[in-house]
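Readers should treat all values here as calculations from the given coordinates under stated rules, not as data from a laboratory. Keep in mind it's a predicted model, so treat the numbers as computed, not measured. Cβ atoms come from the backbone with ideal geometry, glycine included; neighbour counts cover every protein chain shown.
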Amino acid sequence: MELLKWRPNRPQPVISDEVRQILHRVGLAMLVFGLLDIGMMIYCIANDVSYSSSFNLFAVISGIYLYRGHPWYVKWVTRAAGFYAAAFCTMVLISPILFPVDLGLLQLRLHRVDVVVGVLVSIGVVTFLTRVYRELRHTPVLTTFEATEYSPGTFWAAPLCGAMLALGAGVLFFVLMH
């Protein structure tokens, strides 16, 4: 009991059925997304294929906590989804400046299936993150968690931070490489 005294005494939100349905839907989607990512990671490791993702275990944990309606996780998953979706979209927009277009066309000619699958997976991840962000920004969810100081913040805060980070990294990369 002594270990829990560091936590602030915030009132727990009263979660309506509508909000609970949204949290269950998003939590289940995050859980499935994380499990698919873990399965893909295992497949790639077993077949000695290059793989990179940072969603797998975090998505599973986030899905479980969202499904259970944990207020702290609702706030941070909302922010993370907006941040990552905007960062990925910004990287797509600045990639022609960073990487030669001829190299991209050569990659497409030599490894057509890999490039197309990579693009489709990237589009799917961005679409998924955007959907999670929009679902957790619905008015009933926001009003439920704003009352207990678990608000995810303003609508543009997380996406703006993600876009600025990706843009800053792209500018830094461009300046250092040229």
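Some points to look at:
- Of all residues in segment 143-155, those satisfying the criterion of being in a helix (DSSP H, G or I) and surrounded by 15 or more Cβ atoms within 10 Å (Cβ to Cβ) are 144, 145.
- From the list 134, 79, 112, the lone residue that is surrounded by 13 or more Cβ atoms within 10 Å (Cβ to Cβ) and free of Cβ contacts under 8 Å to residues at least 60 places away in the same chain is 134.
- Checked across segment 87-100, the condition of being among the hydroxyl-bearing types (Ser, Thr, Tyr), exposed (fewer than 12 other Cβ atoms within 10 Å of the Cβ) and either touching a residue at least 60 places away in the same chain (Cβ under 8 Å) or under 27 Å from residue 32 (Cβ atoms) (or both) holds for no residue.
- Lone unmet requirement of (1) under 18 Å from the mean Cα position of the chain (by Cα); (2) under 18 Å from residue 13 (Cα atoms) for residue 139: (1)
- The set of residues in segment 156-178 being within 27 Å of residue 27 (Cβ to Cβ) and exposed (fewer than 13 other Cβ atoms within 10 Å of the Cβ) consists of 156 alone.
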